[in-house]
Structures are given as C-alpha cells and as structure tokens.
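Written below as structure tokens is the structure these notes are about.
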Amino acid sequence: MAAFTTTAAPSAYAAAAVARSPAPSPSQWAPPHRSPPAVGLRREAAPPRRGAALLVKAKKETFSTFEELLEKSEKPLLVDFYATWCGPCQYMVPILQEVHEKMSDKINIVKIDTEKYTSIANKYKIEALPTFIIFKDGEPCYRFEGALPADQLILQIESALEAPK
C-alpha cells in the first residue's frame, strides 16, 4: 500500500494561475498521454492474492432439490449459507476444509450461495452471513451465525450432534 505524505500548500501565484486558466473547449480536449509498457520490462503474472488460490477438495453431487439432498444424506449435514462477496464467508473456506478433514466420518458439509438460491435462503430465514445450519434426518436441529475458528466450529458441531433431536 502506498504511503501518502502532505506537502506545503502551492504558492499564491500557482493558485492564481490555475484559477485564471480557461477550461479547454471540447474540440481541444485530449485524453492524458500514457506511454505503452516497455516490452522487456513487463512483470510476470502477479502471485494470487491471499485466499484467492485456495484449493478446496469437494465432492460435487447434483440433486434436483435441496429437500432431496436432505433426504438422501446418510450423515448429518452442516449447511454453510454464504455469498461470494462476503469477507467472513471467504475466511471460512479453509476452515471448512479443515473441519471436513477432521470430521468427514461424522458430518457432510454443503455450501449454498444465497444469491443463487434465494428461495432456500428465504425458507430458512438467512439474514446474516455466514449462517450455518445443521440438519439431522432432514430437519434443522442447530443454527449459528458468523465466522469461527476451526476448533470452535468443531465444538459447535459436536455439541449439536450429541444433543437429542
């Protein structure tokens, strides 16, 4: 990030010259001149920004409806309601990957984009992002909102799975 410094105010003569200069007519206006980049001085592709190049290993399955997904799930589901523009939702991507690696035998994790699937988000009254809902036997049994570190997310999931329905 560039650092900005302030300089002394321009002289009264420079300010007066700016104030007196007439505005260019539309026929005189020309865009600012920009020199083309030097051929030999181009930088290589910039490294990916933090969080942009995360590789998430996911098992993609297609279901005709969300209800079908809930019915056919053999394990409880942790559903992450997110949006692509949501910073905390993006923060959760590697955390959900870590939780998946540690708890794949107990729970499946599903991500639902609230902007693509507004009807599902409305049905479950999603008002904050990220929102997590744990479904057991096709029914929501536990709900929490906000980004959490992996250890706290695992504690939330374990307490929901141990609680009677």
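The table below gives the values:
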| item | result |
| --- | --- |
| Potential lengthening between Thr65 and Glu115 on full extension [0.36 nm per residue; Cα-Cα distance subtracted] | 16.4 nm |
| Amide proton proximity set for Tyr142, modelled H, under 5 Å, gap of 5+ | Ile134 |
| Relative contact order of the range 78-162, defined on C-alpha pairs under 8 angstrom at six or more residues apart (%) | 38 percent |
| Theoretical gain in end-to-end length, Trp85 to Lys72 [0.36 nm per residue, Cα-Cα removed] | 1.7 nm |
| Shape of the range 78-162, Cα gyration tensor, a/c cut at 1.5 | oblate |
| Cα centre as origin, Lys/Arg/Asp/Glu Cβ charges: the range 78-162 dipole, Debye | 240 debye |
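The numbers here are math on the coordinates, done by the rules we state, and not lab data. Quantities reported herein were computed from a predicted structural model and do not represent experimental measurements. Note that we place each Cβ from the backbone using ideal geometry, even for glycine, and neighbour counts take in every protein chain shown.
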